[in-house]
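Written out below as C-alpha cells is the structure these notes cover.
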Amino acid sequence: MRAEDAIIVSTDPMASVIYLDYHATTPVDPRVLEEMLPYFRERFGNAASHQHLFGWAAAEAVELARSRVASLIGADPAEIIFTSGATESINLALKGVAKAYKDRGRHLATWVTEHKATLDTVHRLEQSGCRATYLPVDHLGMIDPGQLEATLGSDTILTSLLLANNEIGVIQPVAEIGAMTRGRQILLHVDAAQAVGKIPIDVNAMKIDLLSMSGHKLYGPKGIGALYVRRRQPRVRLTPTLDGGGHERGLRSGTLNVPGIVGLGKACEIAAEEMAQEHQRVAALRDRMWSRLSSKLEGTILHGHPTRRLAGNLNISFEGVGSSELLAELPQIALSSGSACTSAHPEPSHVIRALGVSEELAKGAIRVGLGRFNTEDEIDRAGDEIIRAVKVIRNRKSVMAR
Ligand SMILES: *Cc1c(COP(=O)(O)O)cnc(C)c1O
C-alpha cells in the first residue's frame, strides 16, 4: 500500500478524553522526555562503570539529577537515594528504620488515612514484632498533633505521615509534627509523593528525617523515585532491604535507572522554577470547576478541608448518586472513585470512610485531579458533562421511585 492510499481515521481514542486523574499519575512533561532520550541512546552507560567515558557520562547525569532533587526539598545531594518509586522508598524507610533501631524500641505511629504503601508496610512490621498505632483524623481529614503526642512513648522509634493526601488532597501540619518528634528523638518519615513539586518543602525547616517521593506524580517517568535520608542531626541509620552491589551508599543495591533518574531530576528542576505560578493556575481551574458544579447542582458535598488542600484536588459526592454509576455515565472523562490502587474493590475508600461521612456519601465520592496540562476549556466541558450526568442519574432514580 502506498502512503497516500492510507486513510487516517481517528488514530488515538484517548485524544478525546479529558484527563482529570492527575493524582493517579501525570503525563511525562515533554521537556523531561527530551532530557531523558540521550540516556537510552548514545549515553547508555552504567553509572557504576568507573573505567570509561560511558560510565562517567552516566554518573555525571545521575549526580546532576541528585542535586536537582535535593534542591527542591532543601536537602543535601548526599541525602538522596534513588529507588523505583514511592512504594519502594516507603518500604525502605519504614522497614529499614524498624530493623536498624529495633534495640531502641518497637513502636510506630501513623494515621488511618495514609496511602496503602504505608499502611500495608506497617501491618507487615506488626507481624514481625512491632507495635503500631493508627491515629484517626477529624471530619475534614486533618490530623491532631495532640493525639500523636499522647501516643508517643519511650519505645516509639518512628512516626510516618502523609504530607498531602492522594484522595482528598489535604495538607497536614508536618512542621508541627516535626518539632514534636525531633524534641523526643523520634524519627519522622513523610510520604510526600503528592506534595513534592506542588507545595514548598524544606526538610530542615519541617524537621523531616526521611521523605519518600515518586517521579510519575510530578511529570516525570514511572518506575523512579527517591528517598531522602537525613545525614546530620540526627544521622538516620537504615538496614537495606535489597542486597547486592552496594549502590546508593549501600542502601539500595541495583544498577541505577539512569534515564529515569535524569527524568526525575529534570521534573524537579521544572517544578522548582514553575511551582508558584502553576499552583495559582491550577487552583484557579479547580475553583472554577467547584463553582460550576456547586452552583448548578444541589447536594454537592466536598470531602476534606476546604482550603488546606492541594491546588489540583477536589473530592466530591453528589447526594443520591453513586460513583460507579456516575463514572459509567462519563466515558469521555478520566476520573477516579477512590484511589487507583484500590479501585478494583467496589467498597468506599478507607480515606473517605475515616472522615465519618454516611455510607451513601462515601460510596458516591469521586476524585477530580487537575494538573499542568488541563485547560480552562477542558474544565468547562468536563464540568458541564458531570452536571449533565448527575441530572440524568437523579432523574432516572426519581422516575423509578414513582
Ligand atoms: C502514588 C503514591 C505512592 C506510590 O508511589 P509509586 O511511585 O507509584 O510507588 C505513595 N504514596 C502516595 C501518597 C502516592 O500518591
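The values are calculated or read from the model by the stated rules, or taken from the named source; none is laboratory data. Everything numeric in this text was worked out from a predicted model, so none of it was measured. Glycine gets a Cβ as well: all are built from the backbone with ideal geometry, and neighbour counts include every protein chain shown.
Please verify whether ILE261 is β-branched (Val, Ile, Thr), at pLDDT 95 or above and closer than 30 Å to TRP56 by Cα, treating the condition exactly as stated.
yes
Of all residues in segment 117-133, those satisfying the criterion of being more than 10 Å from the ligand (Cβ to nearest atom) and not hydrophobic (A, V, I, L, M, F, W, C) are ASP120, THR121, HIS123, ARG124, GLU126, GLN127, SER128, GLY129, ARG131, THR133. With respect to being within 15 Å of VAL190 (Cα to Cα), within 12 Å of the ligand (Cβ to nearest atom), assigned to a loop (DSSP other than H, G, I, E, B) and among the charged types (D, E, K, R), GLU88 falls outside the description. Evaluating TYR228 against the criteria (1) in contact with a Lys or Arg (Cβ under 7 Å, 6 or more places away or on another chain); (2) surrounded by 18 or more Cβ atoms within 10 Å (Cβ to Cβ); (3) among the hydroxyl-bearing types (Ser, Thr, Tyr); (4) not assigned by TED's automatic domain parsing to the domain that holds GLU347 leaves one unmet condition, (1).
Filtering segment 98-116 for residues that are under 15 Å from GLY225 (Cα atoms) and either within 14 Å of the ligand (Cβ to nearest atom) or assigned by TED's automatic domain parsing to the domain that holds ALA205 (or both) leaves an empty set.
As for segment 45-52, it holds at least one residue that is crowded, with 17+ Cβ neighbours inside 10 Å, within 23 Å of THR255 (Cα to Cα) and away from the ligand (no atom under 16 Å from the Cβ). Quick one: in segment 209-219, which of the residues that are touching a strand residue (DSSP E or B) at 6+ places or on another chain (Cβ under 8 Å) and touching a residue at least 40 places away in the same chain (Cβ under 8 Å) is surrounded by the fewest Cβ atoms within 10 Å (Cβ to Cβ)? Only one residue tops the list, namely LEU210.
Condition check: under 23 Å from LYS116 (Cβ atoms) and away from the ligand (no atom under 16 Å from the Cβ). Does PRO240 satisfy that? Answer is yes for this residue.
For segment 107-206, list the helices (runs of 4 or more DSSP H) that sit wholly inside it and hold at least 3 residues that are in contact (Cβ under 8 Å) with a residue 12 or more places away in the chain and more than 27 Å from ARG68 (Cα to Cα); which are they?
116-127, 145-151
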